[in-house]
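All remarks here apply to the structure that follows.
The values are calculated or read from the model by the stated rules, or taken from the named source; none is laboratory data. Quick caveat: nothing in here was measured; it's all calculated off a predicted structure. Cβ coordinates were reconstructed from backbone atoms using ideal geometry, including for glycine residues, and neighbour counts include every protein chain displayed. Only protein heavy atoms, including side chains, enter the accessible area calculation; ligands, DNA and RNA are left aside. Shrake-Rupley method; radii C 1.70, N 1.55, O 1.52, S 1.80 Å.
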Amino acid sequence: MLAYMNRESFELTLETGYTWFWSRSRQELWNKGATSGHFQKVIDIYADCDDDTILITVEQNGAACHTGSHSCFFKKIK
């Protein structure tokens, strides 16, 4: 999945070992899985070469996507 983080959500992710994100539409923090039970346990965190994007590998419990899919990236284009 793709989601946004701010400093506070990133720090909560580091502290708790589970993903936290920043909802730009609701203007609030959200812990992935808090309402659905589909938590993401952090395995690794990588930064890109510019240190402006991160990739978090997780152990996904249940669906990551709002469609109910394990991943949001399931539509093959080519």
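Of the residues that sit in the range 27-78 and are touching a Lys or Arg at 6+ places or on another chain (Cβ under 7 Å) and part of a strand (DSSP E or B), which one is least open to solvent (accessible area, probe 1.4 Å)?
Among them, the one singled out is Gln40.
Find all pairs meeting these conditions: Cβ atoms under 6 angstrom apart; at least six residues apart or on different chains; first residue within the range 12-37 and touching a residue at least 24 places away in the same chain (Cβ under 8 Å) and of a type in the set (Ser, Thr, Tyr); second residue part of a loop (DSSP other than H, G, I, E, B) and open to solvent by less than 70 Å² (accessible area, probe 1.4 Å).
Thr13/Thr19; Thr19/Lys32
Among the residues of the range 8-56, count how many are closer than 19 Å to Ser69 by Cβ, at pLDDT 95 or above and of a type in the set (Val, Ile, Thr).
2
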